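The values are calculated or read from the model by the stated rules, or taken from the named source; none is laboratory data. Treat the numbers as computed from the prediction; the structure is a model and nothing was measured. Every residue, glycine among them, receives a Cβ derived from its backbone with ideal geometry; neighbour counts consider all protein chains shown.
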C-alpha cells in the first residue's frame with residue numbers, strides 16, 4: 001500500500017501535517033476522488049481546477065466529509081491540523097502519480113478504443129478475465145485526460161491485468177493517453193463517423209485510433225475489428241495483429257450468429273490458432289462451444305469476439321469464456337430493454353452516431369413485437385460539415401431500415417431528420433420535429449400503446465434519458481385508447 005510519503009515524492013509535492021514524518025510513512029493513500037461531494041471517510045481529495053469550479057474551494061468540504069488528506073495547489077486554504085500534499089500544478093501531479101502507479105505494475109495493461117463499442121468491449125474483456133484472474137477496468141466512461149489517470153489509480157501491484165478505455169475527439173489524444181498507460185495489448189473495435197468536427201474525415205479518425213497501434217511494443221498484441229479503415233492503418237502496428245469478425249479471413253470469427261429475445265448466440269472459429277495461442281491450447285480451425293450473451297443486437301458480436309481474443313492471450317479456455325459471458329451485465333443506457341406502459345422501450349440514450357444509430361434501427365426492425373416501431377431521436381453531435389446530410393439519412397433509414405411508423409426527432413437538426421423520413425414515405429403527421437427532448441413527451445405520451453417498440457437514442461448533450469424517466473411516470477394506456 002502506497003503512503004502519503006510515496007505520493008509526495010512521486011509528484012514533487014510537500015507534505016503538510018502536524019506530524020509530517022509519522023503521517024508520511026504510516027498514512028495510506030486511499031481512494032482518490034476529484035469531486036468533493038463524493039468524498040467518503042478515508043478518501044484522498046485531489047483538488048483540480050475545472051472550467052466551472054476550482055477544487056481548491058472545496059478542500060474544507062472534503063475534510064468535513066472525512067478526507068484523510070488533500071492534494072492541492074500552494075494557494076489552497078488548508079485548515080490547520082489537516083494533512084495536505086502541496087504541489088505547483090495539480091494536473092501535472094495527477095499524471096506523475098499515474099506514471100508512478102504504472103511503473104509499479106508488472107501485469108498486462110489492455111487499452112481499448114474505437115468509434116463505437118468501447119465501453120461494452122472493455123466490460124466484456126473484464127467479465128472474461130476476472131473469472132480466473134484479478135484485475136481492474138475503467139469505471140463508467142473514464143477514458144479522457146482525467147478519466148484515464150483516475151482509472152489507473154485503481155491498479156494494484158498484484159493485479160494480473162488492467163483494462164483501460166481510451167477516448168479522443170482530436171488527433172494526438174490517443175497517443176498521449178497510450179504514452180501514459182503504456183499498454184501491451186491494444187483493442188480497436190471499429191471506425192465510424194464520430195467527432196467529425198474534430199477529426200474532419202473517417203480516415204482521420206482511423207489514423208487517430210491507429211495511434212494506439214503505433215504505441216504497442218513489438219512483443220505486444222493488437223486485437224482489431226474487421227473494418228476497412230482499420231485494415232488501411234494496420235501497417236502502423238509492429239505488434240502481432242489478431243483480426244476479429246465474421247469474415248473467413250479473421251483469426252477469431254463468429255459463425256451461426258443469432259440475436260433473439262435479448263440473447264446473442266454464436267460459435268467461435270479460431271483460424272491458425274497455433275500462431276496466436278499458447279502451445280497448450282493451440283490447434284487449427286478450432287470451433288468452440290456455443291456462446292450465449294445476454295445483450296440485444298448482433299452488433300455486439302465484435303465486442304464479444306475481442307473479449308475472446310484477449311482471454312485466449314491470457315490463457316483462458318473457450319469454455320470458460322463462454323460460461324463467463326453468460327453472466328455479462330450490459331452497460332446501462334446502451335441497448336437497455338425495458339418494459340413500460342405495456343410497450344417495449346429501448347434505452348440507448350448514452351450516445352449516438354450514424355453507425356450506432358443504424359445498429360439500433362436494425363434492432364427494432366428485427367424485434368419480435370406485435371405493435372408499431374417508434375423512434376425518438378436526438379441530435380448526433382460533433383458531425384461537423386456532415387451534420388445536415390447525416391441527419392437527413394437518419395430520417396430516411398428510420399423508415400427504410402428500421403421500419404418505423406412514427407418518428408419524433410429532437411434537437412437542432414430535427415427538421416432534417418423529419419425531412420429524410422418524409423422523403424422515404426413516412427406520412428407528414430407521423431414525423432414530428434421538436435426542439436428538445438421535453439417537447440417530445442406530449443407526443444410520445446399520447447402515441448405509445450401496449451405492444452409498441454420504442455427506440456430512444458441521441459448524443460449525450462441531448463440528455464434523451466429524460467424521455468425514459470418521463471415514460472416511467474406516465475400512466476399505462478389501454479390499446480386503442
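Take the range 380-417 and flag every residue that is surrounded by fewer than 24 Cβ atoms within 10 Å (Cβ to Cβ), touching a residue at least 40 places away in the same chain (Cβ under 8 Å) and outside any helix (DSSP H, G or I). Correct list: 381, 382, 383, 401, 406.
Residue-by-condition table, conditions (1) farther than 28 Å from residue 201 by Cα; (2) surrounded by fewer than 21 Cβ atoms within 10 Å (Cβ to Cβ):
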site: 342; (1), (2): yes, yes
site: 349; (1), (2): no, no
site: 357; (1), (2): no, no
site: 362; (1), (2): no, yes
site: 370; (1), (2): yes, yes
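Matching residues to (1) outside the structural domain of residue 170 (by TED's automatic domain parsing); (2) touching a strand residue (DSSP E or B) at 6+ places or on another chain (Cβ under 6 Å):
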{"position": "321", "(1), (2)": "no, no"}
{"position": "342", "(1), (2)": "yes, no"}
{"position": "383", "(1), (2)": "yes, no"}
{"position": "409", "(1), (2)": "yes, yes"}
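The helices (runs of 4 or more DSSP H) falling completely within the range 15-120 that include 1 or more residues that are outside the structural domain of residue 302 (by TED's automatic domain parsing) and touching a residue at least 40 places away in the same chain (Cβ under 8 Å) map to 20-26, 90-104.
Considering only residues that are out of contact with any strand residue (DSSP E or B) (no Cβ under 6 Å at 6 or more places or on another chain), within 12 Å of residue 458 (Cα to Cα) and part of a helix (DSSP H, G or I), which ones fall in the range 344-362?
Across the range 344-362, the qualifying residues are 354, 356, 357.
Does at least one position in the range 162-178 carry a residue that is surrounded by fewer than 24 Cβ atoms within 10 Å (Cβ to Cβ), in contact with a strand residue (DSSP E or B) (Cβ under 8 Å, 6 or more places away or on another chain) and at pLDDT 95 or above?
Initial filter on the range 162-178 (surrounded by fewer than 24 Cβ atoms within 10 Å (Cβ to Cβ)): 167, 169-173, 175-176, 178.
From the residues that got through so far, the ones that are in contact with a strand residue (DSSP E or B) (Cβ under 8 Å, 6 or more places away or on another chain) too are 167, 178.
With the extra rule that they be at pLDDT 95 or above, the set shrinks to 178.
Yes.
Only one of the numbered conditions (1) part of a loop (DSSP other than H, G, I, E, B); (2) more than 27 Å from residue 200 (Cβ to Cβ) is not met by residue 469, and that is (1).
What residue, among those in the range 215-246 that are in a loop (DSSP other than H, G, I, E, B) and under 29 Å from residue 257 (Cα atoms), is modelled with the highest pLDDT? Working first, answer last.
The initial filter retains those residues of the range 215-246 that are in a loop (DSSP other than H, G, I, E, B), namely 216-220, 226-227, 237-239, 246.
If we keep only those that are under 29 Å from residue 257 (Cα atoms) as well, we get 226-227, 246.
Values: 226: 95, 227: 91, 246: 92.
Among residues in the range 215-246 that are in a loop (DSSP other than H, G, I, E, B) and under 29 Å from residue 257 (Cα atoms), the one modelled with the highest pLDDT is 226.
When the test is whether a residue is at pLDDT below 90 and surrounded by 20 or more Cβ atoms within 10 Å (Cβ to Cβ), residue 199 passes it. Only one of the numbered conditions (1) touching a residue at least 60 places away in the same chain (Cβ under 8 Å); (2) under 16 Å from residue 407 (Cβ atoms); (3) not in a helix (DSSP H, G or I) is violated by residue 432, and that is (1).
Select from the range 131-140 the residues that are without any contact (Cβ under 8 Å) to a residue 60 or more places away in the chain, assigned to a loop (DSSP other than H, G, I, E, B) and surrounded by fewer than 24 Cβ atoms within 10 Å (Cβ to Cβ) and list them in ascending order.
The initial filter retains those residues of the range 131-140 that are without any contact (Cβ under 8 Å) to a residue 60 or more places away in the chain, namely 134-140.
Next, from what is left, pick out any that are assigned to a loop (DSSP other than H, G, I, E, B): 134, 138-140.
Once the filter is applied, which keeps residues that are without any contact (Cβ under 8 Å) to a residue 60 or more places away in the chain, assigned to a loop (DSSP other than H, G, I, E, B) and surrounded by fewer than 24 Cβ atoms within 10 Å (Cβ to Cβ), the range 131-140 yields 134, 139, 140.
Note on the range 5-27: among residues that are closer than 16 Å to residue 73 by Cα and buried (at least 17 other Cβ atoms within 10 Å of the Cβ), the one that is modelled with the lowest pLDDT is 17. One residue stands out in the range 28-48 among those that are under 13 Å from residue 83 (Cα atoms) and touching a helix residue (DSSP H, G or I) at 6+ places or on another chain (Cβ under 9 Å): the one that is surrounded by the fewest Cβ atoms within 10 Å (Cβ to Cβ), namely 28. Scoring residue 87 on the criteria (1) at pLDDT below 95; (2) in contact with a strand residue (DSSP E or B) (Cβ under 7 Å, 6 or more places away or on another chain) leaves a single failure, condition (1). Tell me yes or no: at least one residue of the range 319-331 is under 28 Å from residue 140 (Cα atoms) and at pLDDT below 90. Checked against the condition, which is being under 28 Å from residue 140 (Cα atoms) and at pLDDT below 90, the range 319-331 yields at least one hit.
For the range 158-204, a residue qualifies if it is within 17 Å of residue 148 (Cα to Cα), assigned to a helix (DSSP H, G or I) and either under 18 Å from the mean Cα position of the chain (by Cα) or free of Cβ contacts under 8 Å to residues at least 60 places away in the same chain (or both), and the qualifying residues are 173, 174, 175, 176, 177, 178, 179, 181. Only a single criterion out of (1) in contact (Cβ under 8 Å) with a residue 60 or more places away in the chain; (2) within 17 Å of residue 342 (Cβ to Cβ) is not satisfied by residue 462, namely (2). Here's a check for you: in the range 221-242, which residue that is in contact with a strand residue (DSSP E or B) (Cβ under 9 Å, 6 or more places away or on another chain) and surrounded by fewer than 21 Cβ atoms within 10 Å (Cβ to Cβ) is nearest to residue 187 (Cα to Cα)? Once the filter is applied, the top-ranked residue is 241.
Kindly indicate whether any position in the range 90-112 is touching a strand residue (DSSP E or B) at 6+ places or on another chain (Cβ under 8 Å), at pLDDT below 95 and surrounded by 16 or more Cβ atoms within 10 Å (Cβ to Cβ). No, every residue in the range 90-112 fails to be touching a strand residue (DSSP E or B) at 6+ places or on another chain (Cβ under 8 Å), at pLDDT below 95 and surrounded by 16 or more Cβ atoms within 10 Å (Cβ to Cβ). Residue pairs whose Cβ atoms lie under 6 Å apart, separated by 6 or more positions or on different chains, with the first residue in the range 332-348 and within 11 Å of residue 296 (Cβ to Cβ) and the second part of a loop (DSSP other than H, G, I, E, B), are 334/350; 335/296; 335/297; 337/296; 344/369; 347/333; 348/335.
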